[in-house]
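Accompanying notes for the structure given below.
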Amino acid sequence: MTRKIPSFIEIYKSLIKIPTISSENKLIDQTNKNLIYLLSNYFSDLKFLIKIKNIPYTNKFNMLASIGYGEGGLLLSGHTDTVNFDDTSWTQDPFQLIEKNNKLYGLGVVDMKGFFAFILDIISSIDLKKLKKPLYILGTANEETDMSGARYFIQSTNIKPDCIIIGEPTSLELITAHKGHTSYSLEVIGKTAHSSNPAIGINSIDIMHKIINKLISLKKYFKKKYFHKDFSISYPTMNFASIQGGDAINKICSSCILNFEIRPTPGLTVKKIEILIQNKLKKIIKKWPDRIILKNLFFSVPSYEYSSEKKILNTIEKSCKLINKTVDYCTEAPFFQKIAPTLILGPGSIQQAHCSNEYLDCHFIQPTKNIFEKIIKKFCY
Ligand SMILES: [Zn+2]
């Protein structure tokens, strides 16, 4: 079979070369358009059909490449964006793939543009004429910020694959559950006055103190009620991240802001968290109407747990000799799970993700190719 696309390493280089940083900071945030078009060209050279969709109100894009017809099949997914990089601690150009000491260095080598180089390499080496079920490859946008690519995809697609695998760097372990993440900013608006007369002001720190006590009791409730044996930290965590208030020693503090995050275990939904917070603070809010403002800081990611057909999980575990595990980081899995059974499995270690001098240990290369070739054949041949 003659190769229609460049070599594994050439493809890898070309993917790393295109910056696709996602950031909450608009000055840093970049479009992923050029990478989406590059991937589309590779997949269309392999005879895949390409659909590119713009995420509404953004300059970001998703790509769905598909080959084969019929129901079911397999979807392999990766996000096309990366986090930002710290210029002072990278010792090389983050956008140039460098091979050194049996490692491949570059921004996105494991998290996770590199996954597409693996997929393209495997697909170019297997007989696509033997496909009996469709094989889909999805490249999403904005995973590192609001996951709008994954959320838009599940709203706008009508495909129903038998299984979705997200190729995040799991060290080739099969991930079947992770915690979620949600974060809040809670502001108490008091009334400032001269500190010599407490009666004429409303001290926001006094009210915040009562709120914090309530949140601590909620934290204990989470620990008791939402225990999950499969996690090393076996309960939802709540972290008070920062608190700010007051500006002068002789003034009654007018505004106090607490930022905190919660990482729920599977079983505790984001909606439930919000109801529980409201219930806990009900009396305080009633006493101080319009003085307590609770806002989401970032987009929430629900927790995830594989709860679909055991058969699919068993097929992958057995044929690839994998054992399943839980992790503490978030992925797009809770969103994809709404349309099909979803698992997380990919090359490289999460230890290197979001780090300076991100690298892929080359020991992962051959096993990754073997595993995904098997999986594609299992689901699509
Ligand atoms: Zn990632």
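The values are calculated or read from the model by the stated rules, or taken from the named source; none is laboratory data. Just so it is clear, the model here is predicted, and its values are computed rather than measured. All Cβ positions, even for glycine, are placed from backbone atoms using ideal geometry, and neighbour counts span all protein chains on display. All accessible areas refer to the heavy atoms of the entire protein, side chains included, with ligands and DNA or RNA removed. Shrake-Rupley method; radii C 1.70, N 1.55, O 1.52, S 1.80 Å.
Quick notes on this structure:
- Within the range 46-84, restricting attention to residues that are open to solvent by 70 Å² or more (accessible area, probe 1.4 Å) and over 21 Å from the mean Cα position of the chain (by Cα), the residue that is nearest to Pro341 (Cα to Cα) is Glu71.
- Restricting the range 255-267 to residues that are farther than 14 Å from Cys330 by Cβ and in contact with a Gly (Cβ under 8 Å, 6 or more places away or on another chain) leaves a set whose member that is least open to solvent (accessible area, probe 1.4 Å) is Cys256.
- Filter pass, Ser66 being small (Gly, Ala, Ser) and in contact with a Phe, Trp or Tyr (Cβ under 9 Å, 6 or more places away or on another chain): yes
Yes or no, residue by residue, for (1) without any contact (Cβ under 8 Å) to a residue 60 or more places away in the chain; (2) surrounded by fewer than 22 Cβ atoms within 10 Å (Cβ to Cβ); (3) within 16 Å of the ligand (Cβ to nearest atom); (4) not in a strand (DSSP E or B):
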| residue | (1), (2), (3), (4) |
| --- | --- |
| Gly139 | no, no, yes, no |
| Gly149 | no, no, yes, yes |
| Ile154 | no, yes, no, yes |
| Thr170 | no, no, yes, yes |
| Ser185 | no, yes, no, no |
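- A Cβ distance below 9 Å, combined with a sequence gap of six or more or placement on separate chains, defines the contacts here; from the range 57-84, residues that are at pLDDT 95 or above and more than 15 Å from the ligand (Cβ to nearest atom) reach no residue that is open to solvent by less than 10 Å² (accessible area, probe 1.4 Å) and basic (Lys, Arg).
- Tally of residues being more than 16 Å from the ligand (Cβ to nearest atom) and open to solvent by 30 Å² or more (accessible area, probe 1.4 Å) across the range 85-130: 21
- Hits in the range 193-211 (condition: open to solvent by less than 70 Å² (accessible area, probe 1.4 Å) and either assigned to a loop (DSSP other than H, G, I, E, B) or not assigned by TED's automatic domain parsing to the domain that holds Lys283 (or both)): Ala193, Ser195, Asn197, Gly201, Asn203
- Listed by first and then second residue, the pairs with beta-carbon distance under 7 Å, at least 6 apart or on different chains, first residue in the range 229-254 and in contact (Cβ under 8 Å) with a residue 40 or more places away in the chain and surrounded by 12 or more Cβ atoms within 10 Å (Cβ to Cβ), second among the hydroxyl-bearing types (Ser, Thr, Tyr) and assigned to a loop (DSSP other than H, G, I, E, B), are Phe231/Thr265; Pro236/Tyr226; Pro236/Thr265; Lys251/Thr192; Lys251/Ser195; Ile252/Thr192; Ile252/Ser195; Ser254/Thr192.
- Candidates in the range 46-56 are the residues that are among the β-branched types (Val, Ile, Thr) and either within 21 Å of Pro19 (Cα to Cα) or at pLDDT below 95 (or both); of these, the one that is nearest to the ligand (Cβ to nearest atom) is Ile55.
- Enumeration of residues in the range 287-311 that are at pLDDT 95 or above, surrounded by 14 or more Cβ atoms within 10 Å (Cβ to Cβ) and hydrophobic (A, V, I, L, M, F, W, C): Trp288, Ile292, Leu294, Val301
- Within the range 330-379, tally of residues that are of a type outside the set (A, V, I, L, M, F, W, C), in contact with a helix residue (DSSP H, G or I) (Cβ under 7 Å, 6 or more places away or on another chain), within 28 Å of Phe95 (Cβ to Cβ) and away from the ligand (no atom under 16 Å from the Cβ): 1
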